[in-house]
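Every read-out reported here was derived from the displayed coordinates using simple, explicitly stated rules and does not represent laboratory data. No experiment lies behind these values; they were computed from the predicted model shown. Reconstructed Cβ throughout: ideal geometry from the backbone, glycine too, with neighbour counts over all protein chains shown.
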Amino acid sequence: MSKTEIKCLSVDELKQALVEMGEKPFRAKPIFKWLHTPVSSFDEMTDQSKALRERLAERFELTVPHVERKQQSKIDGTIKYLWRMREGDCVESVLMRYEHGNTICVSTQVGCRMGCKFCASGLLGLKRNLSAGEILDQVLFAEKDSGLKISNIVLMGTGEPLDNYENVLKFLHLVSCPEGIQIGQRHISLSTSGLADKIEALAGEKLQITLSISLHAPDNESRGQIMPVNRSYPIERLMQACRHYFDVTGRRISYEYAMSRGISDRPWQAEKLAALLRGRPCHVNLIPLNPVKESPIQPSTREAVRRFQQILEKNGVTATVRRRLGPDIDAACGQLRRRTLEEGDRQ
């Protein structure tokens, strides 16, 4: 019989599981608190009896990621982790230091099936979804390894978060739970390539997170060249979902826009983007495209980025240019990969 992943359980679910084991439900909160620290064994839960720890080990799986590879940028101190998860799967996450606190970019899937042409994450396709506990592990064990307190989370690593909807939703509730590490939802950003139906479903959850839309082009022809998801959810449908999300939640949406030379950085596209977003409470994050060796798409020039930003602001759309962190260790946007153990050893 397969074991239940204990770190995926809420406090109430853990209480119910303990009752089914013949244990008192009040034990759930201290056990839950232990689970939201980087424990590697049930034996580390020293305030619980040995008998209970043994019963927990018999019934539940305790996930523990291992650092397969760790790189630290000599430029800005950014740390990139290659984690070995269960079954030998590897995912990457990135710990970034800012003046306002430390932010971790976590992966939500082993690989990705979105197939965006400028991104390394989907080169090998999708292998599987990460569980809520495995996403949480990236936060817990990065804190342990780095010694840094994490105050912000971005779900922008490998994978499409809304393609792993239920597990990601559970993670968001777990990581912000008062009995756990309690990272407030206002300190969490979720980035999606534009799964319109899932955006509308997410609106119904009425979370306090920041939703980021990976737009990357303002017209269907250009966007369709670089983002296959646009065939299922063209821009008109995507913007309809974004409007619904704001109407329901009242939360401003951030639009991510990778600047691709000759594909998405032309002045007429800046004008079209401004028209598309006019009147919407939003923010545009211009991202100088980061090189991926397997992709022929090239980054825009600095002048093109500056001109694009000026056109947006002239039209009343707030736009900033994202600072690149960890470029010397391939930790910047679009550069995270699904790696195998063998690749991790070689690189």
Item checked: Dipole-positive endmost among Asn164, Ser264, Pro25 within the chain (Cβ charges, Cα centre) -> Ser264
Next item on the list: Out of all DSSP beta bridges with both ends in the chain, state the antiparallel percent to the nearest 5.
Entry: 45 percent
Next item on the list: Return the whole-Å distance between the Cα centroid of the range 216-233 and the Cα centroid of the range 32-104.
Entry: 36 Å
Next item on the list: Mind checking the range 166-273 for trypsin sites (Lys or Arg not before Pro) that DSSP puts in a loop (not H, G, I, E or B) and that have at most 10 other Cβ atoms within 10 Å?
Entry: Lys206
Item checked: Dimensionless Rg over Rh [the range 258-311; C-alpha; Kirkwood] -> 1.01
Item checked: Paired Rg and Dmax values of the chain, which use every Cα atom, in angstrom -> 21.0, 69
Margin query: Positive end of the dipole of the range 14-82, charges at C-beta (+1 Lys, Arg; -1 Asp, Glu), about the Cα centre: which of His66, Phe42, Thr78 has its Cα farthest in that direction?
Written below: Thr78
Check: If you put +1 on each Lys and Arg Cβ and -1 on each Asp and Glu Cβ, how big is the dipole of the range 1-114 around its Cα centre, in Debye rounded to 20?
Finding: 140 debye
